[in-house]
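There's a structure below that I have some questions on.
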DNA sequence: AGGCCGACTTAACACAGGTTGGCGCACGTT
DNA sequence: AACGTGCGCCAACCTGTGTTAAGTCGGCCT
């Protein structure tokens, strides 16, 4: 079974068999398991490696001295933490596991090696970087100008597409393994209000949520509610 | 007079005279003036060039169908809009002038040319990219978890450092040419509330603001109020 | 089966920040 | 000088979201 990063990239970039093998190889070495709520990379650390998420959900977050936490990005299977770490200085944020996670640790020279003479592989890393940046921008727009229900609807639409890309969505049903406080920190709200909003989406017939699985009942309605335009995800 | 991008980079990267000349040259060709409130790059455009801000303030923003606007980043003199555009697909946001702006248009192959055989120049572009990403993350944390007054204080601290780096701050006094509605769109609030908050910072003795210039009266106090930690800007 | 624990749910109340609308000043235009 | 315009400023009122504090449900361990 190929790693989810390859699954994602195959949809956008034409990969020769050896390209595929090289990309797949990135996720084969140094596989590590991290328990839920443990850090993969600490906030003050000086990272040498990057990580590829193979399974489970993680997040980039910033913690304030008084305990507040802001989740700045969600990392799903197939996401590469920092495609070009080798340029990186000290971390200004942490990467934490939201669920039990399995990751592959990747050394900078493995990346250099993989890129060498393989433009398609380099193209993959660039896509990953640009998509991550676009998601960041959309996130700012969400937290800055969308209402609670719009934010949540938008997030669900985004996750639907991102999980579909790596083959983890079953049609309109997707895994949703994070707690409501986690969602709250990601959307800049309280878990109580997330709960209210969730209820509103549910009674509005837009989604259903049971036992950590989300089912989208009305995709068009959800997109409209969340002012969602898939363009930023740079699909195709 | 060298362009502000060079001024900024000289503080971090050791530049040979030719490196400096090459970087400086990027800002000499195709200089263009854009009036306040005009777009430098439209939201649906398919950009071929990137831009270097030489003078004035611009922003990255997203506009919603109903008129709401989210400013996702502020672009100051010395900022490069997209250091590695040549990888870029369609824009998912716009770049607009907040004040009258002068920019240099830069073609992708100029960048390729500048990098070739000049690792220090490539290093500069990477720094720019990583710093911009870090600022994005901090922005998400701000809008998500900081209160109104913390947000504004944090923004002022950030601008103070960024403007100092390019030699545009006069000690504790900096240009602040944007309107309160602009600040509101950047911080995810209303201009009315920006006004209230500004007043609070003023009466608290932290800043003074007159005729488009901001003076920081108490830097330590302002940093504390904004939970500001300069680390993310990757200085030094 | 029973008990425990973590996460979800709900309700009542409080408040930060949004909305509306009005006033005044500084500038530029004629 | 008169006028228009854009922006800063302010006050009154309103509302979306935060706070606090109880429940409730379901899964897991013994």
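Go through the stretch B:92-106 and give me each residue that's in contact with a helix residue (DSSP H, G or I) (Cβ under 9 Å, 6 or more places away or on another chain) and under 15 Å from residue B:28 (Cα atoms).
Initial filter on the stretch B:92-106 (in contact with a helix residue (DSSP H, G or I) (Cβ under 9 Å, 6 or more places away or on another chain)): B:92-93, B:98, B:104, B:106.
Answer for the stretch B:92-106, where residues must be in contact with a helix residue (DSSP H, G or I) (Cβ under 9 Å, 6 or more places away or on another chain) and under 15 Å from residue B:28 (Cα atoms): B:104, B:106.
Could you check residue B:140 against (1) free of Cβ contacts under 8 Å to residues at least 60 places away in the same chain; (2) within 12 Å of DNA strand D (Cβ to nearest atom); (3) within 14 Å of chain A (Cβ to nearest Cβ); (4) in contact with a strand residue (DSSP E or B) (Cβ under 9 Å, 6 or more places away or on another chain) and say which number it fails?
Going through (1) free of Cβ contacts under 8 Å to residues at least 60 places away in the same chain; (2) within 12 Å of DNA strand D (Cβ to nearest atom); (3) within 14 Å of chain A (Cβ to nearest Cβ); (4) in contact with a strand residue (DSSP E or B) (Cβ under 9 Å, 6 or more places away or on another chain) one by one, residue B:140 breaks only (2).
Please verify whether residue B:219 is modelled with pLDDT under 95, more than 16 Å from DNA strand D (Cβ to nearest atom) and either in contact with a helix residue (DSSP H, G or I) (Cβ under 8 Å, 6 or more places away or on another chain) or closer than 17 Å to residue B:76 by Cα (or both), treating the condition exactly as stated. Full working, then the answer.
Details: modelled with pLDDT under 95: no; more than 16 Å from DNA strand D (Cβ to nearest atom): yes; either in contact with a helix residue (DSSP H, G or I) (Cβ under 8 Å, 6 or more places away or on another chain) or closer than 17 Å to residue B:76 by Cα (or both): yes.
No: the conditions fail for residue B:219.
If you don't mind, there's one more thing I want to ask. Any chance you could count how many residues in the stretch A:116-137 are buried (at least 18 other Cβ atoms within 10 Å of the Cβ), in contact with a helix residue (DSSP H, G or I) (Cβ under 6 Å, 6 or more places away or on another chain) and more than 10 Å from every other protein chain (Cβ to nearest Cβ)?
2
Of the numbered conditions (1) farther than 27 Å from residue B:72 by Cα; (2) within 16 Å of DNA strand C (Cβ to nearest atom), residue A:140 fails exactly one; give the number of that condition.
In the conditions (1) farther than 27 Å from residue B:72 by Cα; (2) within 16 Å of DNA strand C (Cβ to nearest atom), residue A:140 misses (1) alone.
Here's the yes/no breakdown for (1) buried (at least 21 other Cβ atoms within 10 Å of the Cβ); (2) at the interface with another protein chain (Cβ under 10 Å from one of its Cβ atoms); (3) more than 20 Å from residue A:145 (Cα to Cα):
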residue: B:55; (1), (2), (3): no, no, yes
residue: B:59; (1), (2), (3): yes, no, no
residue: B:79; (1), (2), (3): yes, no, yes
residue: B:94; (1), (2), (3): no, no, no
residue: B:109; (1), (2), (3): no, no, yes
residue: B:145; (1), (2), (3): yes, yes, no
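Out of B:152, B:201, B:209, which single residue is in contact with a strand residue (DSSP E or B) (Cβ under 6 Å, 6 or more places away or on another chain), within 16 Å of DNA strand C (Cβ to nearest atom) and outside any loop (DSSP other than H, G, I, E, B)? Talk me through it step by step, then tell me what you get.
Values: B:152 fails: in contact with a strand residue (DSSP E or B) (Cβ under 6 Å, 6 or more places away or on another chain); B:209 fails: in contact with a strand residue (DSSP E or B) (Cβ under 6 Å, 6 or more places away or on another chain).
After applying the criteria, what remains is B:201.
Looking only at strands (runs of 3 or more DSSP E) that lie completely in the stretch A:1-97, which have at least 2 residues being within 14 Å of the chain's Cα centre (by Cα) and under 25 Å from residue A:158 (Cα atoms)?
Here the list reads A:50-55, A:58-63, A:69-75, A:94-97.
I'd like the residue in the stretch B:217-236 that is surrounded by fewer than 19 Cβ atoms within 10 Å (Cβ to Cβ) and closer than 15 Å to residue B:130 by Cα and, out of all such residues, is nearest to the chain's Cα centre (by Cα). Full working, then the answer.
Filtering the stretch B:217-236 down to residues surrounded by fewer than 19 Cβ atoms within 10 Å (Cβ to Cβ) leaves B:217-221, B:224, B:229-231, B:233-236.
When the remaining residues are screened for being closer than 15 Å to residue B:130 by Cα, the result is B:230-231, B:233-236.
Working: B:230: 15, B:231: 17, B:233: 12, B:234: 15, B:235: 15, B:236: 18 Å.
If we take residues in the stretch B:217-236 being surrounded by fewer than 19 Cβ atoms within 10 Å (Cβ to Cβ) and closer than 15 Å to residue B:130 by Cα, then B:233 is nearest to the chain's Cα centre (by Cα).
I'd like to check something: does the stretch B:165-188 contain any residue that is more than 14 Å from chain A (Cβ to nearest Cβ), part of a helix (DSSP H, G or I) and more than 16 Å from DNA strand C (Cβ to nearest atom)?
yes
The values are calculated or read from the model by the stated rules, or taken from the named source; none is laboratory data. Since this is a predicted model, take the numbers as computed values, not measurements. Cβ coordinates were reconstructed from backbone atoms using ideal geometry, including for glycine residues, and neighbour counts include every protein chain displayed.
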